[in-house]
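All remarks here apply to the structure that follows.
Nothing in this text is a laboratory measurement; each read-out follows from the coordinates by a stated rule. The model shown is predicted, which means the values in this text are computed figures rather than measured ones. Cβ: placed from backbone, ideal geometry, glycine included. Neighbour counts: every protein chain shown.
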Amino acid sequence: MVTITIQELTKRFSGSVVLSSVNLQIDAGELFFLLGPSGCGKTTLLRHIAGFYAPDAGKIWFDDEDVTRLPAHKRGTGMMFQSYALWPHLNVAQNVAFGLEERKRPRREIEHRVSEALEQVKLDGLGSRKIQQLSGGQQQRVALARALVIRPKCLLLDEPLSNLDAKLRLEMRTEIRHIVKQHGLTAIYVTHDRDEALSMADRMAIMDAGKLVQVDAPPDIYRNPATRMVAEFIGETNFIEGRTLRASSREGFLDVETPFGVLRGRTDGTWQPASGQPVLLSIRPEALTFGSVLDSPNRFPGHIIDTTYLGASVQYLIQVSGGPLIKVCETNPQDIRVPGEEEVRVMAAMGDVVILRK
Ligand code: ATP
């Protein structure tokens, strides 16, 4: 278990900045996610931690050891890639044993640790199988066993589930989290799949264009996004433009003038807009309800222009009178509403209307 500290890390590739003064601390035993759109620098940051890249500026610490210039094989990290990177000419056990043989461990110890690692990933008894005789999910488990067998100080995972089908992905999310926690490992996991990050992470960093935009636990990021980019990257949301009027009569809430009336919401608590400042409101589709929300002035009268039934939920597209189109998501739907001219009214609680900087 190791605490990883990244200080002012900067990297340029052919003159363009790919990581820009990144500062981050990942605590010992934490399952930490790097999440962001394609090309934002997630893999580059992970590869610096692994030791495959050296930064142009900045430092990386494992506890109180400066590892910035330490070669990858001396860092004690286990790495798992999207492509699995398994050797096709070696069998399962030989693939898993590879890292231990490189470290010249005695034969008996290797055998013992390989069978232990295969058991951990539920592949016991398959050691002599050829790699081509395994399913995608099993190959992925071999890759995990190979990373675990060296008893790494930290586990680095780069999109490890993206080659699996949806059902296996769900299963492996739970298993990877379980294994990481069981071993008390510090783990850093790169993905662009927000559900993977929300469901597995202790904390996560949202990256954009080589910078960390927000670092927080999943519920904090989802409920208190710091920017428009974070709000829409981490889930579906409705944006409504407006201008702040004043602090509302309710402490902690602000009134915002919008094209279709005054709405009341809150910031994430770290800033307050000035009176008359242009702002953006973010309201999640599932925060809008056809029922009435006591004590909230946030009403959206309009009519349904599209209905999508999904079993567990139903999604509506509503044309708000004099305003924008908004998405509403109702879970466990009983009566499905159909598109039409009939007026409907949805409401949102004040705490579910997040005021963002514009
Ligand atoms: P993805 O989700 O698509 O894997 P990512 O967030 O992991 O993206 P990186 O792979 O870190 O992004 O790449 C960040 C930027 O750096 C991209 O613009 C990429 O083209 C560039 N880049 C990455 N590796 C190199 C390299 N070895 N040489 C030159 N440019 C690179």
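Using the crude model of +1 on Lys and Arg Cβ and -1 on Asp and Glu Cβ, and no other charge, please compute the dipole size for the chain relative to its Cα centre, in debye to 20. Working shown, then result.
Numbers: 43 positive and 43 negative charges, 248 e Å.
Computed charge dipole of the chain: roughly 1200 debye.
Count charges around residue 16 for me, please; just the other residues with Cβ under 14 Å from its Cβ, Lys/Arg as +1, Asp/Glu as -1.
Residues near residue 16 contribute +2 overall.
Using θ = phi - 60° and the Karplus curve 6.51 cos²θ - 1.76 cosθ + 1.60, what whole-Hz ³J(HN,Hα) does each residue of the stretch 99-108 get, with Gly and Pro shown as x?
My calculation for the stretch 99-108 gives x, 6, 5, 4, 8, 6, 6, x, 3, 5 Hz in order.
Please compute the Kirkwood hydrodynamic radius of the stretch 140-262 from all pairs of different C-alpha atoms, in Å with one decimal.
Numbers: mean 1/r = 0.0582 Å⁻¹.
Evaluated over the stretch 140-262, this radius sits at 17.2 Å.
Of 133, 15, 174, which is farthest along the charge dipole of the stretch 4-230 in the positive direction, counting Lys and Arg as +1 and Asp and Glu as -1 at C-beta?
133
Please list, in order, the residues from the stretch 58-96 whose amide nitrogen is less than 19 Å from a point placed 7 Å along the Cα→Cβ vector of residue 130.
Within reach of a label on residue 130: 85-96.
Under a point spin-label approximation (7 Å from Cα along Cα-to-Cβ), what is the residue 239-residue 87 distance to one decimal in nm?
The two pseudo-label positions are separated by 5.1 nm.
Say a paramagnetic label sat at a point 7 Å from the Cα of residue 227, along Cα to Cβ; which residues of the stretch 196-219 have their backbone N under 14 Å from it?
From the stretch 196-219, the list is 205-215.
Give me the angle, in degrees from 0 to 90, between the Cα long axis of helix 136-148 and the longest principal axis of the Cα atoms of the chain, rounded to the nearest 10.
Around 70 degrees separate the two axes.
Find out how many positive minus negative residues lie around residue 64, taking Lys and Arg as positive, Asp and Glu as negative, among other residues whose Cβ is under 15 Å from that of residue 64.
-1
Nearest 20 debye, what's the magnitude of the dipole of the stretch 1-92 about its Cα centre given +1 on Lys and Arg Cβ and -1 on Asp and Glu Cβ?
Dipole about the Cα centre, nearest 20: 420 debye.
Could you list which residues have their amide H under 5 Å from that of residue 284, counting only those 5 or more apart in sequence or on another chain, with H placed in the peptide plane?
The answer is 238.
Please report Rg (one decimal) and Dmax (integer) in Å for the Cα set of the stretch 4-230.
17.6, 56
Between the helical axis of 166-182 and the dominant principal axis of the chain, each derived from Cα atoms, what acute angle in degrees is found, rounded to the nearest 10?
70
Assuming 1.306 mPa s and 10 °C, estimate D for the stretch 236-357 with Stokes-Einstein, Rh taken as the Kirkwood radius over Cα pairs, in µm²/s.
Result for D is 108 µm²/s.
Given 48, 150, 256, which one lies farthest toward the positive end of the charge dipole of the chain, if we put +1 on the Cβ of every Lys and Arg and -1 on the Cβ of every Asp and Glu?
Of the candidates, 150 comes out farthest on the positive side.
Order by neighbour count: 108, 141, 75, fewest other Cβ atoms within 10 Å first, most last. Before the final figure, lay out each step's value.
Working: 108 8, 141 25, 75 20.
Result, fewest neighbours first: 108, 75, 141.
Using θ = phi - 60° and the Karplus relation 6.51 cos²θ - 1.76 cosθ + 1.60, list the HN-Hα couplings for the stretch 46-53 in order, rounded to whole Hz, with x at every Gly or Pro.
4, 5, 5, 5, 5, x, 7, 10
Which of the lysines could be linked to residue 153 by a straight reach, that is with a Cα gap under 16 Å, when you skip same-chain ones fewer than 8 residues away?
Correct list for residue 153: 74, 181.
Within a 10 angstrom radius of the beta carbon, how do 344, 142 rank from fewest other beta carbons to most?
On the way: 344 16, 142 25.
By the 10 Å Cβ count, ascending, the order reads 344, 142.
In nm, what is the difference between 0.36 nm times the number of residues separating residue 183 and residue 21 and their Cα-Cα distance?
Residue separation times 0.36 nm, minus the Cα-Cα distance, leaves 55.2 nm.
For the stretch 270-314, which chymotrypsin sites (Phe, Trp or Tyr not before Pro) pass both filters: DSSP loop (anything but H, G, I, E, B) and at most 11 other C-beta atoms within 10 Å?
Those satisfying the criteria are 271.
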